[in-house]
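Before any comments, here is the structure.
No value in this document is a laboratory result; all are computed from the given coordinates. Please read these numbers as outputs of a predicted model, since none were measured by experiment. All Cβ positions, even for glycine, are placed from backbone atoms using ideal geometry, and neighbour counts span all protein chains on display.
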Amino acid sequence: MKSLDRFDTAILKILQKDNLTPQRDIGEKIGLSAAAVQRRIKRMRESGIIKADVSVIDINKIHHCITLIVEIFMESEKIELLDYAKSVFTSTPEVQQCYFVTGTSNFILIILVPSMKDYEVLTRKIFYSNKNINHFRTMVNMDILKSNLELPNEILEQLE
């Protein structure tokens with residue numbers, strides 16, 4: 001794992017809040033030139049530390065969607081069967097997040113669909129068609145109280 005210095009973590013803290021912050025402004029805040037900030041950002045992108053520059057969309061402002069939290073319980077934990085499930089889940093656009101977890105379930109999925117009818121179609125496609133899925137449990141989200149993409153400062157600072 002690539003370690004970061006205090007300048008890198010300071011840059012990341014700023015970019016996590018607004019990745020359109022001008023490099024000149026970042027440099028002024030942390031005590032580096034804009035060129036030095038640019039080099040550091042480029043290095044972190046090339047090394048994969050910065051995975052993507054995205055715009056976070058508030059889906060409720062533009063379209064009504066249903067967010068579902070789904071627990072998946074597999075029949076077998078053979079690696080090739082788990083890998084197959086991982087590939088299906090991660091390649092399905094409706095699956096917003098996919099977690100391979102410990103405990104009684106094997107996966108937790110966060111799914112976004114326009115309607116319950118669309119969810120039924122999706123379940124047939126990715127759950128019922130997979131003979132290794134023993135069962136799944138679906139929870140319907142009633143309200144998103146917090147959704148965060150930022151790493152806590154404490155985690156960033158541990159990388160220094």
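Per 5 Å bin, what is the whole-percent P(r) computed from every C-alpha pair distance within segment 79-124?
The calculated distribution, bin by bin, is 5, 20, 27, 26, 15, 7, 1.
Mind checking the full-extension length gain between Asp5 and Ile108? Use 0.36 nm per residue of separation minus the Cα-Cα distance, one decimal, nm.
Difference between extended and current length: 33.7 nm.
What are the radius of gyration and Dmax of segment 4-53, computed over its Cα atoms and given in Å?
9.6, 25
Sort the following peptides by mean Cβ neighbour count (other Cβ atoms within 10 Å, averaged over residues), highest first: 51-58, 73-80, 12-19.
Those peptides, ordered most packed to least, come out 12-19, 73-80, 51-58.
With label points built 7 Å along Cα→Cβ from the Cα atoms of His64 and Ile49, find their separation and express it in nm.
4.5
Cα axis of helix 34-46 to longest principal axis of the chain: angle in degrees, 0 to 90, nearest 10?
Once rounded, one gets 30 degrees.
Which whole-Hz couplings ³J(HN,Hα) result when phi for each residue of segment 50-66 is put into the Karplus expression 6.51 cos²θ - 1.76 cosθ + 1.60, θ = phi - 60°, listed in order with x for Gly and Pro?
Per residue, the Karplus-derived 3J(HN,Hα) values read 8, 7, 6, 10, 10, 9, 8, 9, 7, 4, 5, 7, 10, 6, 7, 9, 10 Hz.
Quick one: Cα convex hull volume of segment 1-96, Å³ per residue?
155
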